[in-house]
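Written out below as structure tokens is the structure these notes cover.
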Amino acid sequence: MSKESNVCQVGKVRKHYAELRSTNDTALLLLRQEKPPEGLVITTDFQQAGRGQMQNNWHSDAGQNILMSTILYPTFLPLSKAFYLNKCVSLALVQVLAEVADLEAEVKWPNDIYVNSQKIAGILIQNTLQGDRLISTVVGIGLNVNQTRFNADLTRATSLSLLKSKTFDRAEVLAALSRALTQRYQEMKNNQEILDREYHRLLYRRGVWSTYLDEKQDLFQGMIEGIDPDGKLKMLIKSGESRSFAHSEIKFI
Ligand code: BTN
């Protein structure tokens with residue numbers, strides 16, 4: 001088999017729906033029914049029940065943004081390295097924002113994309129395991145493109161349009177995102193050091209003392225040092241000790 005045929009091309013095949021509950025739900029359903037080609041992209045103009053991390057909802061006005069999921073089979077990745085998927089997708093998004101809008105984005109661990117301390121994109125990765133092996137992954141991405149008004153509770157939301165004062169061609173942004181995902185997924189197979197280096201470099205609040213809330217609802221001052229191999233956030237506490245946090249154990253204030 002030639003090397004080319006092993007390259008997963010994200011978005012080579014795409015299914016578009018005018019409306020559905022959630023592109024991640026549709027992708028998971030397809031995975032239960034058949035074996036979709038790797039890199040299949042599902043897009044929609046509107047989600048009735050878009051899902052975010054930690055059981056949150058993801059709201060997006062109809063026809064304004066990118067709402068997509070792609071199906072991957074990262075069977076080569078040990079479960080202990082599953083966080084590389086977050087790195088890969090986060091870096092693809094940062095790359096696209098630079099390419100289509102000349103924006104310098106950062107990664108708010110574990111997988112939000114920020115510009116000027118405001119959230120422009122979110123990622124929801126859902127892995128399917130067999131024992132302790134990854135057999136498939138659904139990567140859901142919500143990228144705010146042309147929406148200019150957000151719910152009052154989303155005080156930190158932004159979009160390409162708000163940042164650049166123009167309307168973007170969603171098809172072009174999606175094409176750039178598919179290319180970037182293809183490239184970063186290839187790097188995840190061949191060159192994980194690049195992903196480590198760039199994710200570290202782009203970490204929001206790295207090296208800066210800031211306020212966080214821990215599991216006991218206590219506020220504390222911490223400085224992000226980096227990411228552990230298992231994807232936990234490594235933080236220096238003012239008292240001098242170093243601690244690592246899982247996503248559910250810490251909140252950025
Ligand atoms: C987050 O920041 O909490 C993650 C948001 C992920 C939203 C996207 S939109 C497309 C895909 N389908 C979903 O239901 N969620 C993801």
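Taken together, the values in this text are just the output of simple stated rules run on the coordinates, not laboratory data. Bear in mind that the values here come from a model prediction, so they are computed numbers and not experimental data. In this analysis, Cβ positions are derived from the backbone assuming ideal geometry, glycine residues included, and neighbour counts consider all displayed protein chains.
Laid out as a table, the results:
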| item | result |
| --- | --- |
| Beta bridge orientation in segment 1-105: antiparallel %, DSSP, nearest 5 | 45 percent |
| Residue order, fewest to most beta carbons within 10 Å, for His16, His200 | His16, His200 |
| By average C-beta atoms within 10 angstrom, highest first, the peptides 143-152, 21-30 | 21-30, 143-152 |
| Calculated FRET value between Asp196 and His16, using beta carbons and R₀ = 30 Å, to 0.05 | 0.30 |
| Cβ-derived FRET efficiency at R0 25 Å, Ala98 paired with Ala246, nearest 0.05 | 0.25 |
| Shape category assigned to the chain from the gyration tensor of Cα positions, a/c cut at 1.5 | oblate |
| Segment 102-195 shape via C-alpha gyration tensor axes, a/c threshold 1.5 | prolate |
| Computed over segment 20-70, Kirkwood Rh from alpha-carbon pairs, angstrom | 11.4 Å |
| Rounded if a/c under 1.5, otherwise prolate or oblate - segment 206-253, Cα gyration tensor axes | oblate |
| J(HN,Hα) series, segment 79-84, from Karplus relation 6.51 cos²θ - 1.76 cosθ + 1.60, nearest Hz, glycine and proline x | 4, 5, 10, 4, 5, 4 |
| Violating pairs (Cα-Cα greater than 27 angstrom) within the set Lys15/Lys108; Lys189/Lys232; Lys108/Lys189 | Lys15/Lys108 |
